[in-house]
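The values are calculated or read from the model by the stated rules, or taken from the named source; none is laboratory data. Source: prediction; values computed, not measured. Positions of Cβ are backbone-derived with ideal geometry, glycine not excepted, and every protein chain shown enters the neighbour counts. Heads up: the accessible areas ignore ligands, DNA and RNA and are worked out on the full protein's heavy atoms, side chains in. Shrake-Rupley method; radii C 1.70, N 1.55, O 1.52, S 1.80 Å.
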Amino acid sequence: IALAAGVNMMLTPDLTVVFSRARMMSPNGRCKAFDNDADGYVRGEGCGVVVLKPLDRARADGDQVLAVVRGSAINHGGRGNGLTAPTRRGQEAVIRTALANGGVDPAEVDFVEAHGTGTPLGDPIEMAALADVLAAGRSTEEALWIGSIKTNIGHLEAAAGIAGMIKATLALKHKVVPRHLHFQTLNADIPADGPLRI
């Protein structure tokens, strides 16, 4: 048995001031991931914890299984242009590795809980990586839905991953993906003619 947890608390204003001065944060406090008006990320506080068990043990213990983690991966994108400019190559590699580790065919994926911070540079890079790995061979009628919990609760920084995992798990349980907020028009740097849908 293992616990996966994340906690983010903003106890002092120092980082918010630094990020604001660096123009990394949305001036109106709205995360507009993948939108043409995306203008920065929004900080959020939160805590999330999930219990992880081998599937056989969870079933033997009579636990309610909400989701199965079939594979995971971590990597580093290598040398890039800084924290706010992720590398497409690194993102593609981690997606491919997670799919391979889980034995998942890219065509089986219907929904991605994306990083989606709401930055005009990072969002198109992330969408390009997702399209390269998951849209190949998929017709435009076979929608691949993309969402980001950051539009709902902000970027929980150290707890962002666990928040996204909890959202995806609840979406599976309830068979509904929560609404992706503050989205009006697709970022002009993201192709609109493929199967990826917000």
Here the residues within region 6-42 that are in a loop (DSSP other than H, G, I, E, B), among the charged types (D, E, K, R) and touching a Phe, Trp or Tyr at 6+ places or on another chain (Cβ under 8 Å) are 32
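Residue by residue, here is whether (1) over 21 Å from the mean Cα position of the chain (by Cα); (2) among the aliphatic types (A, V, I, L, M) holds:
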position: 6; (1), (2): no, no
position: 47; (1), (2): no, no
position: 51; (1), (2): no, yes
position: 56; (1), (2): yes, no
position: 59; (1), (2): yes, no
position: 67; (1), (2): no, yes
position: 76; (1), (2): no, no
The condition from (1) under 14 Å from residue 41 (Cα atoms); (2) surrounded by 20 or more Cβ atoms within 10 Å (Cβ to Cβ); (3) at pLDDT 95 or above that residue 153 misses is numbered (2)
The condition from (1) assigned to a loop (DSSP other than H, G, I, E, B); (2) small (Gly, Ala, Ser); (3) free of Cβ contacts under 8 Å to residues at least 60 places away in the same chain that residue 90 misses is numbered (1)
Over region 48-65, the set of residues surrounded by 14 or more Cβ atoms within 10 Å (Cβ to Cβ) and touching a helix residue (DSSP H, G or I) at 6+ places or on another chain (Cβ under 6 Å) is 48
Checking 114, 128 in turn, the sole residue that is at pLDDT 95 or above and more than 26 Å from residue 68 (Cα to Cα) turns out to be 128
Residue hits (region 93-127; open to solvent by less than 40 Å² (accessible area, probe 1.4 Å), assigned to a loop (DSSP other than H, G, I, E, B) and farther than 27 Å from residue 37 by Cβ) are 104, 109
Of the listed residues (84, 185), the one being at pLDDT below 95 and hydroxyl-bearing (Ser, Thr, Tyr) is 84
In region 152-198, residues that are more than 26 Å from residue 3 (Cα to Cα) and assigned to a helix (DSSP H, G or I) total 0
Determine, yes or no, whether residue 133 is part of a helix (DSSP H, G or I), more than 12 Å from the chain's Cα centre (by Cα) and buried (at least 16 other Cβ atoms within 10 Å of the Cβ).
-> yes
Note: among 27, 13, just one is exposed (fewer than 11 other Cβ atoms within 10 Å of the Cβ) and in contact (Cβ under 8 Å) with a residue 12 or more places away in the chain, namely 27
**Asked** Does residue 169 fit the bill of being at pLDDT below 95 and either surrounded by fewer than 19 Cβ atoms within 10 Å (Cβ to Cβ) or not aromatic (Phe, Trp, Tyr) (or both)?
**Response** no
